[in-house]
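The values are calculated or read from the model by the stated rules, or taken from the named source; none is laboratory data. Treat the numbers as computed from the prediction; the structure is a model and nothing was measured. Cβ: placed from backbone, ideal geometry, glycine included. Neighbour counts: every protein chain shown. Accessible surface is based on the protein model in full, side chains and every heavy atom, while ligands, DNA and RNA are left aside. Shrake-Rupley method; radii C 1.70, N 1.55, O 1.52, S 1.80 Å.
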Amino acid sequence: MLRAFGVALVATAFLSSPPVSPGNPVPGGPDPNAARVWSVWQSDGTAWLAATPADVPKDGSVIGWRFSVAADGSAAESPGGDQPAFDQVCGKQAASSGQKRVAVQVDFGDAASDAYPGDTPPAQGLLKCVSGAENASAAQLLALAADAKVNPQGDVVAVNQYPAKEKGGAAPAPAAGGSQGGGLPLTWILGGAGALVLVAGGAVVATRRRAKAPVRSGG
């Protein structure tokens, strides 16, 4: 008798549980309505400083792009892992006349907290050396390292077709003369990055975070 009653309670609880779908996410999961952005950062050697897609990095710069939730449109997260060193990324690539070399890092964000419900970020981030025109912007340099899409306002909305909801919904980033250098794909163990507030009129410095996954060499 008691066993039958217990089975009935389990069945009732199961039937009363709401279905899980992108429009009805798991409680405590990512908010499907939260703003999400691709933000860009520039390394000063020890920390990430907030930048803009229109900024023009100098030769020898290291820039990072990160996809993350932006609470109320005012917060974003810097790329995770160790700060890349320019010499380690671009040291073997010769500089072309009239062009600059820039190391570009791409972090697709935290699968648990940044991704849209039902969407999965690429398993690997990117770290590549690109060679572009001296006046190439951060967005144009990103386009040399990956497939970048921008909206009419010039904001980057998708990198390598991520997030999926932006597929076909934006134009390619404007071209900048240059070439993609040797790249190092990075495997990220996602999570644990602290949110950064972008304060109007000043750059926000993100503390350096240690990488939790090894770098894997590749083409």
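Give the residues of segment 132-162 that are under 14 Å from Asp107 (Cα atoms) and either part of a strand (DSSP E or B) or open to solvent by less than 40 Å² (accessible area, probe 1.4 Å) (or both), sorted by residue number. Within segment 132-162, Leu142, Ala145, Ala146, Ala148, Val156, Val157, Ala158, Val159, Tyr162 meet the criteria.
If you filter segment 97-108 down to residues that are part of a loop (DSSP other than H, G, I, E, B) and surrounded by fewer than 24 Cβ atoms within 10 Å (Cβ to Cβ), you find that the one that is modelled with the highest pLDDT is Gly98.
Which of the residues spanning segment 80-94 are small (Gly, Ala, Ser) and closer than 24 Å to Leu49 by Cβ?
Residues satisfying the conditions are Gly80, Gly81, Ala85, Gly91.
Within segment 74-133, being closer than 22 Å to Val37 by Cβ and of a type in the set (Ser, Thr, Tyr) holds for Ser74, Ser78, Ser113, Tyr116, Thr120.
One line per residue, one yes/no per condition, for (1) β-branched (Val, Ile, Thr); (2) outside any loop (DSSP other than H, G, I, E, B); (3) out of contact with any Cys (no Cβ under 7 Å at 6 or more places or on another chain):
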position	(1), (2), (3)
Lys58	no, no, yes
Ala95	no, no, yes
Asp110	no, no, yes
Ser113	no, no, yes
Thr120	yes, no, yes
Lys128	no, yes, yes
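For segment 32-77, filtering for residues that are surrounded by 14 or more Cβ atoms within 10 Å (Cβ to Cβ), in contact with a Phe, Trp or Tyr (Cβ under 8 Å, 6 or more places away or on another chain) and among the small types (Gly, Ala, Ser) leaves 5.
Among residues of segment 23-39 that are under 17 Å from Gly109 (Cα atoms) and of a type in the set (A, V, I, L, M), those with a Cβ under 8 angstrom from a residue that is at pLDDT 80 or above and not in a loop (DSSP other than H, G, I, E, B), sequence gap 6+ or separate chain, pair up as Ala34/Val69; Ala35/Val69; Val37/Phe67; Val37/Ser68; Val37/Ala76.
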